[in-house]
Amino acid sequence: MFGARATSTSHRRPAQPGIGTVLGAIVALLLLPRPGAGQLQISRELRSALTARPHAEVRLGACVINLATGETVFAENPEMPLTPASSMKLFVMAAALSELGPDFAFETIFAIDGTNIVVIGDGDPATGDEKLHHRRGESITADFERWATILLEIGVKAIPGDLLIDESIFDDQWVHPSWEEDDLDNWYAAPVGGLNFNDNCIDITVFPAKRRDAPVLVTFQPETALVRIINKCRTGGEGTPVVHHPPGSFEYIIRGRCSKRWPFGSVSFPDPGLLFADSLRTVLANRGVKVAGTIQRKRVRLPNGGLPPSLSVLARRTTPLSDLLRRVGKDSQNLFAECLLKRTGFAWAQRRGDLDPQGSWSLGKEAVLAFMRQSGIDARGLVLADGSGLSRENACTARQLASLLAWTHKEGKGRLLYEGLSVAGVDGSLRKRLKDIPGRVRAKTGTMRGVRTLAGYVDAEAGPRYAFAVLFNGYKGPSTPYKQIQDRICRVLAGAVAPGPGSE
């Protein structure tokens, strides 16, 4: 079991405590979660916290399990299916660990076949991911640079044939049909492919020109010939720049006024494989390796998963599962969760004997449900539309989330899920929350309009570890009051004294 606490012993005779020490110990004990009457007090405090929600009609579900005993110590509407938002990712993380195993790594193959160069995808979302590359101290094109170096070292400076890309590991449904249209431009709704680069996004920044009313200057990454910038933005004056990306197009229309550097952030690109391939071709050309032909989509991998004998593998780019779990759990990176779901579905279909499967949302759903049955977790009420929680068709219960976390806690390979969660007051989506008890809560957040969820683990001071889930659905207005209730619940379970005003 992960997270075990170290203990120490001493053979020296302890000194007799003074009255101050005794009183201090009594006070400390009164503040800590305890069995029996203590659990009743915790239950009362949790119920009081939930009752304090500003809108009584808001639907809620909550469940808390003592991991030392397996006992459910608190439950409120635990069987009510609710929209979990990004907390849905916990089901995908757990199923992936079970199906793929903790030692799994995505593997993208770079090869030569005759006069062509070939890239065979494995659904890896991490190629060109800025956060992962920054952690290694390298640029987003570092893998492509390494591939260019390999070609140059074997004396290849020109490719007379084509650049072939094989994305057949996944189906060609890149965008989930239940994602809302207004979301599709955003990084969190980027399309999902068998080959992915730079989170399947274009990062655009505009700068004011030297002369007022002159067109602004525009830069973007990654470097690619695919993107068409239509610049209608002018320097100076009132207002701010805006970017419009017509659905499915390669056009990015920039309007408004600009008086200072303005990064738009990541805007989705509609064709993941093509962005990967053209960015690779650009890097190769910049390094002196010219591809004479065109980019072609072609199935290269054999139906049994093997490679054709004519293929000469030059490099295998790998990403360990642990890297994905951290991006999914700590940063709530949606593309990573979707790729993980599809890849889990592919592996599950292979294991049951499907001939030449392709990872898909439907296979991923089947894999998660099979995992739930195998784990003994009641899946009634669970609706899994996608892996990220972006779809409002998703639904689960508080008991399912808490039971999933409890099951994972018992499994040795569950450590990767635990370590992949955001640590309150330290990192990820919880870095600014619960700073008064840093490190005591590891959890997955979930937020969308009218939805605020939190599910994970709380370590009680000198007490048990709890698995918990708290879901709110259907509120109007700001979500802050519901976030504060969730934080209050964590503090109660941790045995912490409620903080004063201003310490949120």
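Each reported figure results from applying straightforward, stated rules to the coordinates on display, with no laboratory input. This structure is a prediction, so every number in the text was calculated from the model and none was measured.
Overview of results
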read-out: Taking the stretch 253-342 and dividing mean pair separation by its residue count, relative contact order in percent (alpha carbons under 8 Å, at least six apart); value: 11 percent
read-out: Normalised contact order of the stretch 105-322, rounded percent, pairs of Cα under 8 Å and 6 or more residues apart; value: 30 percent
read-out: For the stretch 105-322, diffusion coefficient by Stokes-Einstein and Kirkwood Rh (Cα), 20 °C, 1.002 mPa s, µm²/s; value: 115 µm²/s
read-out: Computed over the stretch 296-423, Kirkwood Rh from alpha-carbon pairs, angstrom; value: 16.6 Å
read-out: MRE, 222 nm, helices only [DSSP H, n ≥ 4, -39500 (n - 2.57), over the chain, to nearest 500]; value: -9500 deg cm²/dmol
read-out: Under the Karplus curve 6.51 cos²θ - 1.76 cosθ + 1.60, θ = phi - 60°, whole-Hz ³J(HN,Hα) for the stretch 488-493, x wherever Gly or Pro sits; value: 4, 4, 4, 5, 4, 5
read-out: Amide H within-cut-off set for Phe264, under 5 Å, with H built and near neighbours excluded; value: Ile204, Thr205, Val206
read-out: Unit Cα scatterers, Debye sum, the chain: log10 I(q)/I(0) for q = 0.05, 0.13 Å⁻¹; value: -0.24, -1.23
read-out: Longest to shortest principal axis, alpha-carbon extents of the stretch 307-354, angstrom; value: 42, 30, 15
read-out: Interchain or long-range residues, amide H under 5 Å from Gln296's placed H; value: Leu163, Leu164, Ile165
read-out: Percent RCO, i.e. relative contact order, over the stretch 30-178, from Cα pairs under 8 Å lying at least 6 residues apart; value: 16 percent
read-out: Per-residue ³J(HN,Hα) for the stretch 272-282, Karplus 6.51 cos²θ - 1.76 cosθ + 1.60, θ = phi - 60°, Hz, x for Gly and Pro; value: x, x, 5, 4, 4, 5, 5, 5, 5, 4, 5
read-out: Separation of alpha-carbon centers, the stretch 262-277 and the stretch 42-93, rounded to whole Å; value: 38 Å
read-out: Whole-Å distance, taken between Cα centres, linking the stretch 137-167 and the stretch 380-414; value: 40 Å
read-out: ³J(HN,Hα), Karplus 6.51/-1.76/1.60, whole Hz, each residue of the stretch 412-429, x for Gly, Pro; value: x, 6, x, 4, 5, 5, 4, 6, x, 7, 5, 9, 4, x, 10, 8, x, 6
read-out: Spatial separation of Cα centroids for the stretch 192-251 and the stretch 283-321, in angstrom; value: 30 Å
read-out: Whole-number Å³ per residue for the convex hull built on Cα positions in the stretch 242-371; value: 200 Å³
